[in-house]
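The values are calculated or read from the model by the stated rules, or taken from the named source; none is laboratory data. Worth saying up front: this structure is predicted, and the values here are computed from it rather than measured. Note that we place each Cβ from the backbone using ideal geometry, even for glycine, and neighbour counts take in every protein chain shown. Heavy atoms of the whole protein, side chains included, go into the accessibility calculation; ligands, DNA and RNA do not. Shrake-Rupley method; radii C 1.70, N 1.55, O 1.52, S 1.80 Å.
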Amino acid sequence: TFADRFALHRDPHPARVATFAEDVRTGLGARPFALSPKYFYDDLGSAIFEAITRLPEYYLTRVERDLLATYGREIAGRFAGPLELVELGSGSALKTRILIDAILERQPRLTYHPIDISADAVTESSLALTAAYERLRVVAYASDYFPLLREKRLVTHDRVLALFLGSNIGNFEPQDARELLTFLARALRPGDGVLIGYDLKKDPTILELAYDDPTGVTAAFNKNLLARMNRELGAGFELNAFRFRARWNERHGAVDSFLVSERDQQVRIPASGLTVDFAAGDTIHTESSYKFTRDEIAMLATRCGFTETASYTDAAGRYALSLFAV
Ligand code: AVI
């Protein structure tokens, strides 16, 4: 039955994970001001992100979907024996369906373990998948990936193909990306693999357009962070008193995103016990979206205990998928 094929685990250790209020206190309590991009993804933020993936300028999602459609079968065929899927940052899991289809052509049943910080997104997508696939069992985790992998709370039985798609790896600072991949390598067994989807370095004009879209959807995505602090922390941010900025940073190899104060202003954030003074032009760093060459990803994954087995890219060289084995 449906109920037998769906389970949701909420992070069982919320007390040990820093809360939104605490992270805001740290991030806006000292300069340079910064907030973690993981807080973009409340219910509204996840919906705005879905809109971003449909923007003509944000090619990443489309190119990745095409790559999965072209190479999904080949990727699934590289593993001997029955597979289980684990996905870090599954979001709406729309692209994952391509791989689920490819795997279910080869085996009668499949267990899928989506992990996402957004409980709404992971619940909604899991229910939709369970309904759409009779031969699929979904064991979902509404959680940060770090504690789950570090504490080896992910229980799998068959060979695992881990998915780290959507250029998600690009939102981690290099040090954190290394740590995450190292935990992942340790949580996997020999014969398991990870498929990493990442955005390739390219002309900065194209990159900046993908993040500072003329429709203003990405600006809204960022401003929702201010709105979320108003909603959840009782903060007094005036959304029109900030503007959005996204710039390619050659030294970091990332597009850096900011909210910029339009004027001198003071904002209270009661739940964080903070009053913040912004001068005109002061910035809040909201996100870095790192871009890589194929060699950079291979080097990173190799240092964490993986070996590259295959790599796929589109004809224009915009985006890539690299497959690694443990
Ligand atoms: C989810 N993540 C990989 C997106 C990215 O490209 O960094 C988030 C995003 N931020 C602005 N546009 C999209």
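Quick notes on this one:
- Extension gain from Ala30 to Thr307, taking 0.36 nm per residue of separation minus the Cα-Cα distance: 95.7 nm
- Centre separation in Å (Cα based) which lies between the range 257-326 and the range 5-66: 12
- Compactness of the range 196-276, expressed as Rg and Dmax over alpha-carbon positions, Å: 15.2, 43
- A 1.4 Å probe, protein heavy atoms only, puts the accessible area of Lys152 near 120 Å².
- Whole-percent carbon and sulfur share, accessible surface of the chain, 1.4 Å: 52
- Simple label model, 7 Å out from Cα along Cβ direction - Asp203 to Ala128, nm: 3.3
- Computed [θ] at 222 nm, deg cm²/dmol, the chain (DSSP H ≥ 4; -39,500 (n - 2.57); rounded to nearest 500): -11000 deg cm²/dmol
- Net charge dipole size for the chain [Lys, Arg +1 and Asp, Glu -1 on Cβ; Debye, nearest 20]: 640
- Calculated FRET efficiency for the pair Phe146/Glu262, C-beta based, R₀ 51 Å, to 0.05: 0.90
- Long-range tail of P(r) for the range 77-183 (Cα pairs > 21 Å, %): 33
- Residues in the range 271-285 that a label on Thr19 would reach, taking backbone N under 12 Å of a point 7 Å out along Cα→Cβ: 271-273
- Length gained when the stretch Leu239-Arg178 is fully extended (0.36 nm per residue, less Cα-Cα span): 18.5 nm
- Cα-based shape type of the range 144-273, given that a ≥ b ≥ c are square roots of the gyration tensor eigenvalues and the cut on a/c is 1.5: oblate
- Relative contact order (%) - the chain, alpha-carbon pairs under 8 angstrom, separation at least six: 21
- Viscosity 0.692 mPa s, 37 °C: Kirkwood-radius Stokes-Einstein D of the chain over Cα pairs, µm²/s: 160
- Peptides ranked, highest mean first, by Cβ atoms within 10 Å: ranges 205-212, 87-94: 87-94, 205-212
- Electrostatic dipole magnitude of the range 55-151 [Cβ: Lys, Arg +1; Asp, Glu -1; Cα centre; debye, to 20]: 380
- Label-to-label distance, nm, for residues given as Glu232 and Leu104 (7 Å Cα→Cβ offset): 3.3
- Averaging the Cα positions of each part gives two centres, and for the range 174-210 and the range 81-120 these lie 18 Å apart.
- Over the range 1-132, relative contact order from alpha-carbon pairs under 8 Å, at least 6 apart, %: 27
- Segment Asp43..Arg135, full-extension length gain: 30.2 nm, with 0.36 nm per residue of separation and the alpha-carbon distance subtracted.
- Sorted on the mean count of surrounding Cβ atoms within 10 Å across their residues, most packed first, peptides 265-278, 108-121 read 108-121, 265-278.
- Ranking Phe278, Ile297, Ala254 by how far each Cα lies toward the positive end of the dipole of the range 238-302 (charges on Cβ) leaves Ile297 at the top.
- Residue pairs exceeding 25 angstrom between C-alpha atoms, taken from Lys38/Lys223; Lys38/Lys95; Lys202/Lys223; Lys223/Lys291: Lys202/Lys223.
- Taking the range 70-127 and dividing mean pair separation by its residue count, relative contact order in percent (alpha carbons under 8 Å, at least six apart): 43
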